[in-house]
Each structure stands twice: as C-alpha cells, then as structure tokens.
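This report refers to the structure that appears directly beneath it.
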Amino acid sequence: MTETENKEKLNSAGAAGSGTGSAGAPASVSGSGSAAGAGTPGTPGTPGTPGTPGAGAPGTPGARPALSPARIFHLVLLVLQSLLSAGVLYYIFAGGLLPAGLSFAGAAAILVTFVISMFLQLHGHGALRSAGAILSIFLCGMLVFGFLYLQRIDRTLTAISDAQMQTDEMVVVVRSDDPAETIEDTAGYRFGISSTGSTDRLTEMIADIESRIATVPEVTEYPSPVEQGNALLAGETDALIYNSAITSMMDEVIENYSDQVRIIYTKEFTYEVSQDGSADAASAGDQQTSDPSAAAGTDPQPSQADLPITERAFNVYISGIDVSGPISTTSRSDVNIIMTVNARTHKILLTTTPRDYYVTIPGISGDARDKLTHAGIYGIGASMATLENLYDTHMDEYIRINFTSLIRIVDVLGGVDVQSEYSFSAGGYNFTQGLNHLDGQAALAFSRERYSFASGDNQRGRNQQAVLTAIIEKMQSASVLRNADEVMQVISECMQTSMSKDDMTSLISAQIASNPHWTVESQQATGFGDTQPTYSMGSMQLYVMWPDNEVLPGLSEKIAKTLAE
C-alpha cells in the first residue's frame, strides 16, 4: 500500500470518528478516531474535548444543584444578622460605654444566639428551620435597636465633648429709620465702635466691611457700648459695630434700645479654644493671659491627670447662657455654678454665684470691677478665671448650657421634683413650699424668678440649684431609659463641654457598673445690692452686688474639702 493510500485511510477514519452520533447509532466512546481522544460526556463524537466533571447541565452526572429560594432567604438573613452583630460589638467595645463584665457578657450572648440561629437554618429541617428564621428575624430587630441606640449615644458624646470652637457674632446696626438695607448701602457712613469684647473680631469685622463697601470705613471709638449706643441714637454716628452679646446689655441701660435700631449685617467668626477655655480668653483682648489660673493669681491644684476620671475630684464651671444661635456663641453668663465633683466619694457640691456679683475680671478689667455676667462676653475663659480668683480654686472643665433649653431637658425627663423654700407665683405658675413636680416651662419660670423674694438674686440662685439638683436626681433613675434616645438628642443641641468623650464614657460606664447614688449639696454666695459703674458699660450706674467677704472664705473651704476627700 502506497503512502498516499495510507493517508487517505487515516483521514477517512478520522472523518468517521468526528461525526455526531445520529438516532439509533451508538455514540463513540472516545470522541476521535484515535485511542487518545477524550470526548465530552454526553456529547458523542466531539473530538479532542476533555470531559469536565461537575459542569454538566442540571440532571447530568456531576451537576451542582441550584439554591432554592428558601435557602437564599436563610443565607441573606444570616448575613444581615452577622453584619448587625459586628456593628453592635464595635460600639460595645470601641465606645466603652459598658463596663468590661457587661461588654463580654453582651458579646457572648450575641455570638451564641448567632450560632444557634445559623445551625437551625442551615442544618435543621421543617419546623426547626422555621424556628431558626423566626429567631434570626427577632435578633435582627433587637440588634438594629441596639446599634442605633449605641450610635446615637456615641454621636451625642462626640458632639458635646472637647468643645474647641467659640463663635463671635458681630453685627452692624443702624437707626430703625435709616434707609440702609444692606452693608453695601453704608458706603460713606461713620461707624462707631467700642473695645468691649474681642478686639480681634472687631478688627476682622472692619476689614470685612471694607471689602464689601470698597472703601476704608470712617471709624470712631467710644469708651463703652453705652456711649456708643447713645451716639448712634443722637445722630453723632451712622452705624455701630459690636458683638451681638452686647445687645442685651444695651437694652438694660438704654430704654427701648432694640426698638430704635435695626441690624443690617451679621457675620459669625468661629475660632478654636483650648480644652479649659483659656485660649478664647486670650483672644478676647490684648491684656489677657492664656492661663486662667495665672490670670487669677492662684496656684493650680496638683494635677490628677494621670488618674482615671473615676478616681479624680475636679471642678466643672457650669455657664447658663440665653442665646438663640449656636451654643458656641459668645454670650453673657446668666447662671454661674461651680460643680465640684468627687468621683471617689460620689459627692457633688454646687456653688452658685449671683450674676450681678461685683468682681474684677482677671486679665481684662485690671482693678476695675464689673458684673460677673459681663465676663462671658470676653469668652468662657474670662468667666472661669474670675471664679478661680474669687474662690481661690481651679476650674478643670466647663459646661455651657443654653438655659432656655432647660424646658426641653425637663420635659424629655418626664418632669422633675423640685424642693421650693417658699410659696410664690411666677410666669403664670403657683409654687408651694416643699416638693413641686414641674414640667419644662414651670421649671424655667421657677429658675428665673427673683422679684418675689426679699433676697432677690440670692434666692434665684438657690432656686436654680434646686432645679439642677432635681435634674441630677432624675438622671440617676431607671425611668430615664424609657426615652434615653430623645434625652441624648436634646442634650446634644443645648450643651457643650470641654470634657473629653473618653472621660464621659468612663463616668457613664462606672455608673452602669455599680449604680452608685450621688449625694448633692449646695451653697450660695451672697452679697449686698448697690448701684455702681462697671468696666464693660463705662460710667453708667448699674445694679451690682458686692460680695459678702465674711461668707466667701467658708464657701472656698468647702470646695477645697470636697476636692480633698
């Protein structure tokens, strides 16, 4: 046989092997005419294609079964449960709100219930699998609630802690009948200024006005806001530039002042302050020092910074303000309370100082005296330094509270029980001597009243202490948990503090761990009413209260004793 004939026979055999088996024809075992061929199973006669185990169509040998809708549902449920579990575990351990024992117990419960629900759904049958799904759905609901609750607390603590920003709201005002509608309309106007408040913000405001009216404004400086306001109303100047915090002071000394002027331009200047509030005091005036203790001329107490906050004793300055804008807005401080906290003995001492106390403002007024409330317009550090000087102590932290938000705080707590020393009426409410259950509006009226008492501001301070004490007592009760989410929301909107988030979570964790009852005591600075000029308002005679120097040493001693216990 010739070579050509051999090739033809081989080609003929290969062609026969490559043909697809027809009906009634046996399928080729090898897929090619050669012994080495390995055709795909189920596809007879395909040459040279290796068989692929497990890749056949459904029903063919080696095929992977498709997931049923029920199984997909169970898998999705378990994935959702695992994600929610991870989120809750993150906030439990990273947030530090729960003590270690409760944290590990909670983590164990979450993991065990996840394993149980997973086993029932993946390996159970019939009723057991359905029970696993029901358990998983229930746990997902609980985990969603826990996740959102812990997240809200974490965000609230972040929002109110480490207060590092202060806001000065500067305004331009003209007479109410002035034709100017915008700041651009004041080109060629004479501007009156006063150095009361932050000179830095005043300089920035003048530069801003210059950029808007495209000319250098004509500026006249007056000794005090009173002379400044009177100059505008007398037509000696066309517009005024000042911090909006001064408006309420002007209303006190110039009759119907706000009705006679109109704000045409407002600009907010936000700047960073230090944790103890001292940096904003330094920015408020060229004479100020950056350390309130140094400005006050007192020696700071030995640092306890190396101790956990749950083992420290410290002073917190509570400043009650009344502003419509952000809580960080510079304002007079109408409520001035030193809260001395001893976390070792679980004692709190509240020391209230009347807003009209006639004092010097370290680093600001020199030897001249001013009302304590006026210190707030120079920054919270100025108020802290003033109280440090007065009581020979050191302020470690501060809390600023918008006192009008007291209404909301009391309401979300479900009202508070306040002890009243006297029976009196105020704001449309009648208060009886003894225990009174008050809602928010009633608590605010109770806190603000002074004209019903012979001692005026002295009694108002004691009433404010009574309300604050009632709030602290209510916050320790289990009933607050019923609407804790709303409590957190209100607190985040009306409070700002220099305390760190870690310190606050440590205190909360310690409270949850042992639930100690805090003992709250109060004391009140007293004085004698008089009419005197003040540093901030110039020669204008204002009502002030001279400190009672026989009472102050005893108050200072009790603060020191509470810290030392």
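The values are calculated or read from the model by the stated rules, or taken from the named source; none is laboratory data. Note that the coordinates shown come from a computational prediction; the quantities given were computed from them, not determined experimentally. Cβ: placed from backbone, ideal geometry, glycine included. Neighbour counts: every protein chain shown. When the accessible area is computed, the model is the full protein with side chains, heavy atoms only, and any ligands, DNA or RNA have been set aside. Shrake-Rupley method; radii C 1.70, N 1.55, O 1.52, S 1.80 Å.
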Compute and list, largest first, the equivalent-ellipsoid semi-axes of the range 406-489 from the alpha carbon gyration tensor, each √(5λ) rounded to a whole angstrom.
24, 11, 11
Taking only the alpha-carbon positions of the range 231-273 as identical scatterers, the Debye log10 I(q)/I(0) at q = 0.17, 0.26, 0.32 Å⁻¹ comes out as -0.56, -1.09, -1.38
Sorted from largest down, what three extents in whole angstroms do the Cα atoms of the range 470-531 have along their principal axes?
49, 27, 24
For the range 399-442, what is the accessible area per residue in Å² when the probe is 1.4 Å?
48 Å²
Which whole-percent values make up P(r) of the range 102-202 when all C-alpha to C-alpha distances are grouped in 5 Å steps starting at zero?
2, 9, 10, 10, 9, 7, 5, 5, 5, 5, 5, 5, 6, 6, 5, 4, 2, 0
Going by average Cβ neighbours within 10 Å, how do the peptides 378-386, 524-532 rank, with the highest at the top?
378-386, 524-532
Percent of all alpha-carbon pairs of the range 89-131 at distances over 15 Å, whole number, is 52 percent
How far is the Cα center of the range 398-463 from the Cα center of the range 96-116, in Å?
42 Å
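Could you check how much of the accessible area of the range 333-484 is carbon and sulfur, as a whole percent, using a 1.4 Å probe? Intermediate results must be reported in sequence, preceding the final value.
Working: 2570 of 5190 Å².
Percent of accessible area from carbon and sulfur atoms in the range 333-484: 50.
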Once each part is reduced to its C-alpha centroid, what is the distance from the range 362-392 to the range 242-257 in angstrom?
20 Å
Treat the range 70-111 as a sphere of radius equal to its Kirkwood radius over Cα pairs and apply Stokes-Einstein at 37 °C in a medium of 0.692 mPa s; give the translational diffusion coefficient in µm²/s, rounded to a whole number.
294 µm²/s
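Can you tell me which of 98-108, 211-221, 436-446 comes out highest on packing, and rank the rest after it, using the mean Cβ neighbours within 10 Å? Write out the running numbers ahead of the final one.
Working: 98-108: 14.2, 211-221: 12.4, 436-446: 19.6.
Top to bottom by mean Cβ count within 10 Å: 436-446, 98-108, 211-221.
Past the 28 Å Cα-Cα mark, which pairs from K347/K371; K371/K558; K267/K501; K371/K474; K347/K501?
Numbers: K347/K371 30 Å; K371/K558 24 Å; K267/K501 30 Å; K371/K474 33 Å; K347/K501 22 Å.
Those over the limit are K347/K371; K267/K501; K371/K474.
Can you give me the relative contact order of the range 325-483 as a percent, contacts being Cα pairs under 8 Å and 6 or more apart?
It comes to 17 percent, rounded to a whole number.
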With eigenvalues of the C-alpha gyration tensor scaled by 5 and rooted, the range 309-416, Å:
23, 20, 11
